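Participant: Pasting a structure below so you can have a look.
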Amino acid sequence: MKQLSFLISLTNNDNDYQQEQAAAAEKAARRLGVGVKVIHANNDPLTQSQQLLQYVQGSSVAKPDAIIFEPAGGTAFPQVARAAAAAGIGWVVLNFDVDYIHDLRRVYKVPISAITSDHEQIGRIQGQQFAALLPNGGSLLYIEGPNNSLAAKQRSAGMNRSKPANIQMKAIRGNWTEESSHRAVTSWLRLQTSQQSRIDLVGAQDDSMAMGARKAFAEIAEPDRARWLKIPVTGCDGMPKTGQAWVRNGSLAATIFIRPNTDLAIEMLVETFKSEAALPERKVTEPESVPSLADLAAAAKMVKAAKI
C-alpha cells in the first residue's frame, strides 16, 4: 500500500488551538507513517476555498488521499466537497455541522465524515463557569467569535441557556486571535459608557481572545489599570501549554478543554483506508471544564470569604 497523504486546512496560525491542531496532525502523521501538509486560510473563507480547489482540481500539486479542514467562515464549501469526492479525495470537516455529508456518502465511495466538538455544550459549561464565579450575579463582558462562525453561534446559544438571569451581559466580537480581541476591547474601552461600566467578569470564546482582553486592560492608564486587571477572565480551548498553563499561573480564572481533532481524523482515515471500514457520518468529542465546576465554585467561595 502506498503512503497515504492528507491535506490539513486550518483557519489560521495565530490561535493556540489551531496551532495545536497542526501539531497534533503532524504528530499523528509521524506515528502512523502518513504524509500531511498543513495550510492556513488566515481567517478568510475565499482564500480557503481557493486553496482547497487548487488541491482538488489543480495540476501543479499532487492530489491528497483526503482533505481534513476546519471552515474559516460560515460555509463548509459543499461544491468543493462534491468536487473533491468526485475526484476520489476523502473529505473530513472539523468543528462544523454540515448538512451535505449524508448525501455525499450515498453517492461517493470515498471516506466522508464530520468530526466536531460539542460547541453548545462548550457554551453551557462556560455559562456554568460564570455562575460559579459570580454566585450573586453581576456584569459580564463576553467576547464572541466572528458572526459568520457557526461555532461562535453555538457557543453563544449554549452559554445563554445556562447563564443565570442575574448575570447581565455586554457582548463584543473578535476573530479567534489575541490581536483581534485586543483591538476590539481597546476600542470598547475608549467609549465613555465603558469607563462608567462595572464589569465583574470577562468571558471569551477562546483563550487567545481572553488574553487579548487582558492585554488591553494592562494598557489602561493608572489608577484604573489595577481595577481592570483584577477582573477574572475566562476562555475556551484549554491547550496544556497555553490555556491550562494560564489557569495555573492565574492569568485565566478558568478555561474549557477542547481536544484537537486533526489527529483523530487522521487515525480514523488511516483505519478506513487500510480496512475499508466506513467512517462514522458524524463524531462528537466532549469538552471539559478546567478547573472542574465544583473546584471553581469552591475557589470562588474562598475568595469571597477572604474579602469579608
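The values are calculated or read from the model by the stated rules, or taken from the named source; none is laboratory data. These numbers come from a predicted model, not from an experiment. Note that each Cβ is placed from the backbone with ideal geometry, even for glycine, and that neighbours are counted across all protein chains shown. To get the accessible areas, we keep the full protein, side chains included, count just its heavy atoms, and leave off ligands, DNA and RNA. Shrake-Rupley method; radii C 1.70, N 1.55, O 1.52, S 1.80 Å.
Participant: How about region 273-294: which of its residues are open to solvent by 20 Å² or more (accessible area, probe 1.4 Å) and hydroxyl-bearing (Ser, Thr, Tyr)?
Facilitator: Hits for region 273-294 are Ser275, Ser289, Ser292.
Participant: List the residue pairs whose Cβ atoms are under 8 Å apart, where the first residue sits in region 151-177 and is within 25 Å of Pro71 (Cα to Cα) and touching a residue at least 24 places away in the same chain (Cβ under 8 Å), the second is of a type in the set (Lys, Arg) and outside any helix (DSSP H, G or I), and the two are 6 or more positions apart or on different chains.
Facilitator: If the second residue must be of a type in the set (Lys, Arg) and outside any helix (DSSP H, G or I), no pairs are left.
Participant: Which pairs do you get when a residue that is more than 24 Å from Ser208 (Cβ to Cβ), found in region 1-15, comes within reach of a residue that is of a type in the set (Val, Ile, Thr) and outside any strand (DSSP E or B), reach meaning Cβ atoms under 7 angstrom, with the pair 6+ apart or on two chains?
Facilitator: From residues that are more than 24 Å from Ser208 (Cβ to Cβ), the pairs are Gln3/Val34; Leu4/Val34; Leu4/Val270; Ser5/Val34; Phe6/Val34; Phe6/Ile266.
Participant: Another question about this same structure. Is it the case that region 46-54 has a residue that's among the β-branched types (Val, Ile, Thr), assigned to a loop (DSSP other than H, G, I, E, B) and at pLDDT 95 or above?
Facilitator: So in region 46-54, the residues among the β-branched types (Val, Ile, Thr) come out as 47.
In the following step, the residues that additionally are assigned to a loop (DSSP other than H, G, I, E, B) were identified as none.
Scanning region 46-54 turns up no residue that is among the β-branched types (Val, Ile, Thr), assigned to a loop (DSSP other than H, G, I, E, B) and at pLDDT 95 or above.
Participant: Restrict the check to region 121-131 and report whether at least one residue is in contact (Cβ under 8 Å) with a residue 12 or more places away in the chain and more than 20 Å from the chain's Cα centre (by Cα).
Facilitator: Keep residues of region 121-131 that are in contact (Cβ under 8 Å) with a residue 12 or more places away in the chain, which gives 121-131.
With the extra rule that they be more than 20 Å from the chain's Cα centre (by Cα), the set shrinks to 131.
Within region 121-131, one or more residues are in contact (Cβ under 8 Å) with a residue 12 or more places away in the chain and more than 20 Å from the chain's Cα centre (by Cα).
Participant: Just for region 197-212: of the residues that are in contact with a helix residue (DSSP H, G or I) (Cβ under 7 Å, 6 or more places away or on another chain) and assigned to a helix (DSSP H, G or I), which one is most open to solvent (accessible area, probe 1.4 Å)?
Facilitator: So, considering only residues that are in contact with a helix residue (DSSP H, G or I) (Cβ under 7 Å, 6 or more places away or on another chain) and assigned to a helix (DSSP H, G or I), the one most open to solvent (accessible area, probe 1.4 Å) is Met211.
Participant: Quick check on this structure: which one of Ser187, Ser194 is free of Cβ contacts under 8 Å to residues at least 24 places away in the same chain, surrounded by fewer than 13 Cβ atoms within 10 Å (Cβ to Cβ) and either out of contact with any Pro (no Cβ under 9 Å at 6 or more places or on another chain) or among the aliphatic types (A, V, I, L, M) (or both)?
Facilitator: Ser187
Participant: Still on this structure: Just to be sure I understand, how many residues within region 69-110 are without any contact (Cβ under 8 Å) to a residue 40 or more places away in the chain and either part of a loop (DSSP other than H, G, I, E, B) or aromatic (Phe, Trp, Tyr) (or both)?
Facilitator: Looking only at that region, the number is 12.
Participant: For region 132-153, name all the residues that are part of a helix (DSSP H, G or I) and open to solvent by 30 Å² or more (accessible area, probe 1.4 Å).
Facilitator: Leu133, Leu150, Lys153
Participant: Please specify each residue of region 10-51 satisfying the condition of being of a type in the set (Ser, Thr, Tyr) and under 21 Å from Gly238 (Cα atoms).
Facilitator: Thr11, Tyr17
Participant: It is to be established whether one or more residues within region 213-221 are in a helix (DSSP H, G or I) and in contact with a strand residue (DSSP E or B) (Cβ under 8 Å, 6 or more places away or on another chain).
Facilitator: Within region 213-221 (the criterion being in a helix (DSSP H, G or I) and in contact with a strand residue (DSSP E or B) (Cβ under 8 Å, 6 or more places away or on another chain)), the answer is yes, since at least one residue qualifies.
Participant: Please go through region 241-269 and give me each residue that is out of contact with any strand residue (DSSP E or B) (no Cβ under 9 Å at 6 or more places or on another chain) and assigned to a helix (DSSP H, G or I), ordered by number.
Facilitator: Ala245, Arg248, Asp263, Glu267
Participant: Does any residue of region 50-61 turn out to be crowded, with 20+ Cβ neighbours inside 10 Å and small (Gly, Ala, Ser)?
Facilitator: no
Participant: Can you confirm whether region 1-20 contains a residue that is out of contact with any Asp or Glu (no Cβ under 6 Å at 6 or more places or on another chain), among the basic types (Lys, Arg) and either open to solvent by less than 20 Å² (accessible area, probe 1.4 Å) or at pLDDT 95 or above (or both)?
Facilitator: Checked region 1-20: no residue is out of contact with any Asp or Glu (no Cβ under 6 Å at 6 or more places or on another chain), among the basic types (Lys, Arg) and either open to solvent by less than 20 Å² (accessible area, probe 1.4 Å) or at pLDDT 95 or above (or both).
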